[in-house]
Amino acid sequence: MATGDRTARWNRYWDKKSRTYDREIGFFDRHLFGDSRQWVCSQAAGTTLEVAVGTGLNLEFYPDTVTLTGIDWSEQMLDLARQRAADLGHPATLQQADAHHLPFDDATFDTVVCTFGLCAIPDHTKALNEMTRVLRPGGQLILVDHIRSSVAPARAVQRFLELFTVPLGGEHFLRRPLNHIRNDPNLDIERVERFKLGLVERLTARKTT
């Protein structure tokens, strides 16, 4: 299947997924991810970009002082995020965009955030490079995602799941963004936390130049 056809199919998948996403991810928030959304959003400051904003589940956790822009490739997800922003009274600029080609100039944002989104972005290393590009020097990158487990039996389950989730929606379970960030000369890692059989990792990094 051609790359363009595959991407279009994944877009349709996530548009459809928007109807049940909050309920499904809510289970994982309660039983696996813990307070990760609060942990990430509470550290955001200044002009902030959220990549893969989805249905806007993070909106309630941002400080009032944050000026938020959110992007996602699913318009159906964004429609729900816009409604959530309106209900919360939390102003945000929410727009359709591709994480591989962020429509912003270099050094635009003080903070870039991504929560549980890199797992489903086709080229997550390209997306990370873009996030770093749009950060200002001294700006902070804050991430949390489910990753390749540190426990062998869990990794075996993850490999099995990917046989279905990658073709269906492009969702990966064996990635680890930290490995890319460690090799980025423009980023200094400040904090890393890993828990739940090594399935969840959250980190902060500072842009140096």
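The values are calculated or read from the model by the stated rules, or taken from the named source; none is laboratory data. If you're wondering where the values come from, they're calculated on a predicted model, not measured in any experiment. Note that we place each Cβ from the backbone using ideal geometry, even for glycine, and neighbour counts take in every protein chain shown.
Overview of results
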item	result
Check on Arg30, over 17 Å from the mean Cα position of the chain (by Cα), under 23 Å from Glu193 (Cβ atoms) and either surrounded by fewer than 16 Cβ atoms within 10 Å (Cβ to Cβ) or of a type outside the set (Asp, Glu) (or both)	yes
Every pair of residues 6+ apart whose Cβ atoms lie under 6 Å, when the first sits in the range 6-18 and is farther than 12 Å from Val166 by Cα and at pLDDT 75 or above while the second is in a helix (DSSP H, G or I) and not hydrophobic (A, V, I, L, M, F, W, C)	Asp15/Gln76; Ser18/Gln76
For Arg84: the one exception among (1) in a helix (DSSP H, G or I); (2) within 14 Å of the chain's Cα centre (by Cα)	(2)
Boolean, Phe164 is surrounded by fewer than 16 Cβ atoms within 10 Å (Cβ to Cβ) and either under 24 Å from Lys17 (Cβ atoms) or touching a Pro at 6+ places or on another chain (Cβ under 8 Å) (or both)	yes
Any hit, the range 87-95, residues being among the aliphatic types (A, V, I, L, M), assigned to a helix (DSSP H, G or I) and over 20 Å from Ala44 (Cβ atoms)	no
Some residue of the range 31-47 being of a type in the set (Phe, Trp, Tyr), over 23 Å from Gly138 (Cα atoms), assigned to a helix (DSSP H, G or I) and in contact (Cβ under 8 Å) with a residue 24 or more places away in the chain	yes
Helices (runs of 4 or more DSSP H) contained entirely in the range 124-209, each with at least 2 residues that are farther than 25 Å from Ile71 by Cβ and in contact (Cβ under 8 Å) with a residue 12 or more places away in the chain	152-169
Residue list for the range 93-127, filter: more than 17 Å from Thr55 (Cα to Cα) and aliphatic (A, V, I, L, M)	Leu102, Ala107, Val112, Ala127
Selected residue (criterion: surrounded by the fewest Cβ atoms within 10 Å (Cβ to Cβ)) from residues of the range 56-72 that are part of a loop (DSSP other than H, G, I, E, B), under 12 Å from the mean Cα position of the chain (by Cα) and not aliphatic (A, V, I, L, M)	Asn58
